[in-house]
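Data first, discussion second: the structure below is written as structure tokens.
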Amino acid sequence: MKLLLKIWRQQNASSKGKFVDYPISGIEGDMSFLEMLDVLNQQLIDKGEEPVVFDHDCREGICGTCSLQINGEPHGPDRLITTCQLHMRMFKDGDTIVIEPFRAKAFPVIKDLMVDRSAFDRIQQAGGYISVNTSGNTVDANTIPIEKTKADDAFNAAACIGCGACVAACKNASAMLFTSAKVSQFALLPQGRVEATQRVLSMVRQMDLEGFGNCTNTGACEVECPKGISLENIARMNREYLMASVKG
Amino acid sequence: MGILDSKVPSGPLADKWTKHKNEINLVNPANKRNIDIIVVGTGLAGGAAAATLAELGYNVKTFCYQDSPRRAHSIAAQGGINAAKNYQGDGDSPYRLFYDTVKGGDYRSREANVYRLAEESVNIIDQCVAQGVPFAREYGGMLDNRSFGGVLVSRTFYAKGQTGQQLLLGAYSAMNRQINRGKIQAFNRHEMLDIVLVDGKARGIIARDMVTGEIERHGAHAVVLATGGYGNVFYLSTNAMGSNVTAAWRAHRRGAFFANPCFTQIHPTCIPVSGDHQSKLTLMSESLRNDGRIWVPRRLEDAKAIREGKLKPTQLKEEDRDYYLERRYPAFGNLVPRDVASRAAKERCDAGFGVNKTGEAVYLDFSAAIQRYGKEKALTSGLKDPDGETITRLGEEVVEAKYGNLFQMYEKIVDENPYKTPMMIYPAVHYTMGGLWVDYNLQTTIPGCYCAGEANFSDHGANRLGASALMQGLADGYFVLPYTIGDYLSKDIRTGKIATDTEAFDKAEADVRGRLQQLLNARGDKSVDYFHKKLGKIMWDKCGMSRNAEGLKEAIEEIAALRKEFYANVRIPGGMDEMNTELEKAFRVADFLELGELFAKDGLHRKESCGGHFREEYQTEDGEALRDDKNFKYVASWEYKGEPKDAVLHKEDLVFENIELKTRSYK
Ligand SMILES: Cc1cc2nc3c(=O)[nH]c(=O)nc-3n(C[C@H](O)[C@H](O)[C@H](O)COP(=O)(O)OP(=O)(O)OC[C@H]3O[C@@H](n4cnc5c(N)ncnc54)[C@H](O)[C@@H]3O)c2cc1C
Ligand code: SF4
Ligand code: FES
């Protein structure tokens with residue numbers, strides 16, 4: 001396959017970026033999207049140029065590090081996968097591919113395609129935990145039976161990998177899907193109920209402080225989410241928030 | 001035993017840990033506030049240790065190279081975590097878990113450590129459930145279990161195919177709680193490039209801010225390394241792209257002994273290599289061997305026809321298939337330990353029975369399981385005389401509920417539907433049992449430098465059983481290290497803050513700068529990846545699934561030569577005082593190029609086969625590993641003396657008081 005890549009290059013957070021064209025050939029369908037970028041980078045290094053910087057680590061769709069906007073879609077054209085799981089067989093010979101970083105005010109660019117998502121960590125630090133000591137003096141696990149459907153729903157919410165595609169997909173750059181996934185996981189479990197009120201208030205407050213936009217229910221986040229995190233979580237968080245605001 | 005003192009407490013096996021905990025020195029809460037601890041690595045081991053240490057009252061600084069602690073490679077663990085809960089009532093106990101682990105490790109691990117691990121396993125599950133980890137449950141609301149290789153009980157807890165993710169997010173949430181309390185300061189996108197010793201004790205690290213390129217000094221009363229495994233010395237492995245040995249290797253160069261570097265686990269069920277562009281390998285969880293049957297064609301001509309695309313696996317009749325694991329190991333069948341399963345696959349492929357284009361793949365087939373589950377489901381849903389199609393559909397649904405995400409992952413990569421045609425799999429480098437030598441307290445041979453998780457050597461001997469790395473990481477992190485380190489720190493309550501404007505830090509920083517500059521100055525014409533791939537090929541061909549003296553000797557020479565070429569000819573664009581991903585890679589590969597040589601040296605010296613270390617010269621008539629307990633029942637612990645080839649061997653004799661040494665048999 002021969003392709004034309006239009007890639008966002010930006011030296012650092014304070015410099016202005018621009019698109020640069022890179023024609024590339026010899027790409028095979030079995031390559032992953034990131035392996036295609038490896039090929040490009042190898043060529044750039046051989047020419048003595050600086051390689052394109054992008055975030056990645058596990059390359060199997062679980063760490064949530066990779067984060068590209070490909071032809072306008074976070075994680076590219078395929079569904080329920082991350083960029084590292086996208087394969088070149090999704091493209092055709094002669095295609096032009098536009099590659100950008102995830103765009104959001106709360107995700108400033110670090111270099112080229114790499115962005116700073118530490119805002120997500122701060123939302124979790126505001127309350128995304130159960131306040132239990134980790135020294136091992138807990139009750140036997142099976143003394144807390146949990147209905148299977150509840151446990152499964154909690155698991156499904158907990159499957160979020162914190163990639164930020166939901167934010168990048170949203171025209172308001174809202175972080176509701178991400179935040180609601182964590183709030184839901186704990187809201188669904190008896191262990192998490194104890195601090196539910198405080199948790200949702202703190203996490204939502206932090207989310208707003210970080211400069212994420214409001215949710216206007218367009219649902220673009222759910223479509224692009226690689227882990228199929230459902231909009232129901234946002235509805236649940238809204239309920240939790242309302243209840244908490246009344247109480248608190 | 002010479003200078004290696006394992007500090008294993010005396011007394012009966014089952015009482016050692018409790019007794020030890022009662023006897024070690026404690027630091028009172030007021031004093032803990034004046035003590036700083038650096039934890040490098042925020043995977044299960046580091047994340048759990050950081051959270052508990054902070055909870056106990058110490059001031060903790062954590063470091064990781066990813067942009068968030070949540071992304072450490074523990075996140076990728078799929079299958080599950082062991083614990084001797086005996087919820088299934090199938091006769092499990094801490095003793096049995098201990099026994100299985102020592103036997104699975106081919107009698108090359110330390111009894112007391114393994115027993116402690118088995119004991120603590122029970123607490124891990126309680127702890128994680130309290131934290132809100134959503135483990136799989138049965139309809140009655142109780143926790144569910146599955147089986148893993150090398151054992152005859154069902155003791156593996158899991159969260160679909162994302163157990164590591166859920167456990168790591170649990171540890172991350174515990175860390176977040178402490179960050180919110182101001183007890184942990186997290187330095188993400190920071191890479192440790194050296195450890196700093198003051199008067200022989202670990203007192204800090206030199207780290208590089210990967211965003212700005214700034215070199216930083218951090219002082220502390222103790223340093224914990226929980227930096228994961230070094231499987232990426234093979235270039236291709238199931239590890240994350242950034243997984244590296246640098247932290248451990250730098251400590252090794254400053255005095256920490258490196259134990260059993262050649263003990264590497266090659267995992268039997270990974271997606272085969274598809275071409276030269278391959279950047280990493282993807283694991284298909286061992287849990288699949290609960291239901292998948294492994295086979296190759298019985299006849300060479302069928303294998304050839306399949307490779308050429310003239311025959312499909314589904315067209316091959318039952319009697320034309322060789323379920324070689326079931327044939328060779330009737331007692332354990334498809335659930336033999338990993339080292340055994342991997343070698344058996346290699347043996348069949350080397351003999352010409354491989355089933356993909358390159359001849360390096362075998363089948364993992366779910367059709368029998370789909371039929372079995374389908375019939376069961378039809379019965380329980382009250383369907384009388386269901387037709388074949390219905391049975392298949394129902395069976396596929398059951399299999400999807402169990403392994404859906406793995407099947408999806410497979411389909412995305414290989415572009416074939418594993419419900420309809422068997423998966424193709426091949427062994428790949430997965431885990432490293434070797435690592436920094438630690439005593440019972442998890443302290444390395446550098447006072448004040450501790451090591452936890454995959455980075456240490458301690459619990460898995462020559463082969464790790466499935467679902468026991470997560471167990472070890474969390475046991476080390478939550479329940480062992482936070483207490484044993486107190487014994488050491490109790491002597492430090494009057495030390496005061498560790499200053500970093502001292503000669504020791506000056507020198508360490510200058511060293512790091514010098515090394516980075518040296519790499520940049522080479523200005524050669526080959527990329528870092530070029531050298532990493534070359535190293536990987538030497539390792540895979542000569543230090544991989546089977547090894548022999550000749551190959552290992554060649555590897556030693558070739559790696560040393562490659563290292564020389566690397567320093568002369570590597571090309572790194574950009575500079576030091578900015579984000580520079582090539583420079584990061586170069587620093588890691590430089591250390592792999594030293595470790596690789598020590599790895600081969602260790603493999604050469606160990607003239608026996610045990611666990612993952614298979615020396616062709618030492619095998620039984622039917623090709624099984626031939627251990628030599630008389631001469632090699634020890635931990636090989638290497639002291640750094642300049643070049644890897646000059647490393648000096650120290651032996652820690654392994655004493656087995658509670659388990660009789662036997663030839664491992666899974667027949
Ligand atoms: C694909 C896969 C599946 C697995 N499945 C299972 C399973 O089902 N059950 C099981 O028990 N085990 C499994 N394992 C093994 C298990 O996941 C690992 O052994 C374990 O998670 C390692 O944890 P750790 O905390 O020691 O290290 P890691 O989780 O690897 O963490 C290492 C940490 O160190 C940091 N780090 C490394 N170097 C530096 C440096 N120089 N400076 C700063 N920070 C650094 C990293 O940023 C990271 O935070 C699996 C492994 C893989 C690869
Ligand atoms: S909700 Fe989905 S898209 Fe958003 S961070 Fe989580 S996994 Fe990524
Ligand atoms: S690199 Fe880990 S999810 Fe893509």
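The values are calculated or read from the model by the stated rules, or taken from the named source; none is laboratory data. Just so we're clear, the structure is a prediction, and the values are computed from it rather than from any experiment. Quick reminder, even Gly has a Cβ in these numbers, built from the backbone with ideal geometry, and neighbours come from all protein chains shown. Note: accessible area is taken over every heavy atom of the protein model, side chains too, but ligands, DNA and RNA are not part of it. Shrake-Rupley method; radii C 1.70, N 1.55, O 1.52, S 1.80 Å.
Numbers at a glance
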quantity: Full-stretch length increase - B:Ala510, B:Lys7 - with 0.36 nm per residue and alpha-carbon distance subtracted; calculated: 177.5 nm
quantity: Accessible area buried at the B-A interface, both sides summed, 1.4 Å probe (Å², nearest 100); calculated: 6200 Å²
quantity: Alpha carbon Rg of the range A:100-244, scaled by the compact-globule rule 2.2 N^0.38 Å; calculated: 1.08
quantity: Net charge, A:Thr134 excluded, C-beta distance under 10 Å - Lys, Arg +1, Asp, Glu -1; calculated: 0
quantity: Straight-distance crosslink candidates among aspartates and glutamates, where the alpha carbon sits under 15 Å from B:Lys280 and sequence neighbours closer than 8 are dropped; calculated: A:Asp30, A:Glu35, A:Asp38, A:Asp57, A:Glu60, B:Asp529
quantity: Chain A, relative contact order in percent, only Cα pairs under 8 angstrom and at least six apart counted; calculated: 20 percent
quantity: Overall form of the range B:211-272 per C-alpha gyration tensor (a/c, 1.5; a/b vs b/c); calculated: oblate
quantity: Anchor B:Lys384: lysines whose Cα lies under 24 Å away (excluding residues fewer than 8 positions away in-chain); calculated: B:Lys375
quantity: Given charges at beta-carbon only (K, R positive; D, E negative), |dipole| of chain B in Debye; calculated: 460 debye
quantity: Nearest-10 value in Å² for the accessible area of B:Leu383, using the 1.4 Å probe; calculated: 80 Å²
quantity: Shielding by partners - mean other protein chain Cβ count within 10 Å, residues of A:146-158; calculated: 5
quantity: Inter-label distance, nm, simple model (7 Å from Cα along the C-beta direction), A:Asp116/B:Leu26; calculated: 4.3 nm
quantity: Signed unit charges on C-beta, dipole axis of the range A:160-248, positive-most listed residue A:Val223, A:Gln185, A:Ala175; calculated: A:Gln185
quantity: Residue order for B:Glu347, B:Glu621, B:Glu597, A:Glu232 - accessible surface, 1.4 angstrom probe, largest first; calculated: B:Glu621, A:Glu232, B:Glu347, B:Glu597
quantity: DSSP H segments from chain B that extend 27 Å or more along their own axis, Cα-based, with Kyte-Doolittle mean of -1.0 or above; calculated: B:111-130, B:388-414, B:549-569, B:581-605
quantity: Semi-axis lengths, Å, the range B:503-630, gyration tensor of Cα atoms, sqrt of 5 times eigenvalues; calculated: 36, 16, 11
quantity: Net charge, B:Ala522 excluded, C-beta distance under 14 Å - Lys, Arg +1, Asp, Glu -1; calculated: +4
quantity: Burial ranking of peptide ranges B:8-18, B:47-57, B:409-419 (average Cβ count within 10 Å, highest at the top); calculated: B:47-57, B:409-419, B:8-18
quantity: For the range B:505-545 and the range B:608-667, distance of Cα centres in Å; calculated: 30 Å
quantity: Stretchable slack from B:Glu318 to B:Arg494, in nm (0.36 nm times residue separation minus alpha-carbon distance); calculated: 56.0 nm
quantity: Hits among lysines - C-alpha to C-alpha of B:Lys19 under 18 Å, sequence gap 8 or more where chains match; calculated: B:Lys7
quantity: Whole-Å semi-axes of the range B:268-429's equivalent ellipsoid (Cα gyration tensor); calculated: 26, 18, 16
quantity: Three-way shape label, chain A, alpha-carbon gyration tensor, a/c 1.5; calculated: prolate
quantity: Size of charge dipole - the protein assembly as shown - debye, nearest 20, with Cβ of Lys, Arg +1 and Asp, Glu -1, no other charges; calculated: 1120 debye
quantity: Label-reachable residues, the range B:219-257, where backbone N falls under 18 Å from a point 7 Å from B:Tyr567's Cα toward its Cβ; calculated: B:246, B:249-254
quantity: Antiparallel DSSP beta bridges within chain B, percent to nearest 5; calculated: 70 percent
quantity: Rounded accessible area per residue of the protein assembly as shown, 1.4 Å, Å²; calculated: 35 Å²
quantity: Under 10 Å, Cβ to Cβ, from B:Tyr324 - net charge with Lys/Arg +1 and Asp/Glu -1; calculated: +2
quantity: Computed over chain B: relative contact order in percent, which uses C-alpha pairs under 8 Å that are six or more apart; calculated: 21 percent
quantity: Projected label distance in nm at A:Leu242 and B:Glu503, using a 7 Å step from Cα toward the beta-carbon; calculated: 7.1 nm
quantity: Relative packing of peptides A:127-135, B:467-475 - highest average C-beta neighbours within 10 Å first; calculated: B:467-475, A:127-135
quantity: Phi-based couplings in Hz for the range A:78-91 (Karplus 6.51, -1.76, 1.60; Gly and Pro marked x); calculated: 6, 10, 6, 9, 9, 4, 5, 9, 6, 10, 5, 5, 6, 10
quantity: Mean ellipticity per residue at 222 nm, deg cm²/dmol - from DSSP H runs of n ≥ 4 across chain B, formula -39500 (n - 2.57); calculated: -11500 deg cm²/dmol
quantity: FRET E, pair B:Glu301, B:Lys537, Förster distance 22 Å, beta-carbon r, rounded to 0.05; calculated: 0.10
quantity: Cβ neighbours within 10 Å from other chains - mean over B:44-51; calculated: 1
quantity: Label-point separation, B:Glu657 to A:Thr149 (7 Å along Cα→Cβ), nm; calculated: 5.5 nm
quantity: Shape of the protein assembly as shown, Cα gyration tensor, a/c cut at 1.5; calculated: rounded
quantity: C-alpha center-to-center spacing [the range B:294-331, the range B:93-131] in angstrom; calculated: 38 Å
quantity: R0 of 22 Å, Cβ-Cβ distance B:Lys310-B:Ala401: FRET efficiency to nearest 0.05; calculated: 0.05
quantity: Across B:Lys304/B:Lys667; B:Lys533/B:Lys585; A:Lys92/B:Lys312; B:Lys304/B:Lys542; B:Lys412/B:Lys537, pairs whose alpha-carbon gap is larger than 19 Å; calculated: B:Lys304/B:Lys667; A:Lys92/B:Lys312; B:Lys304/B:Lys542; B:Lys412/B:Lys537
quantity: The range A:117-248, relative contact order in percent, only Cα pairs under 8 angstrom and at least six apart counted; calculated: 34 percent
quantity: Peptide B:574-580 - average C-beta neighbours from other chains (10 Å radius); calculated: 3
quantity: Chain A - mean residue ellipticity at 222 nm from DSSP helices (-39,500 (n - 2.57) per run, n ≥ 4, rounded to 500); calculated: -10500 deg cm²/dmol
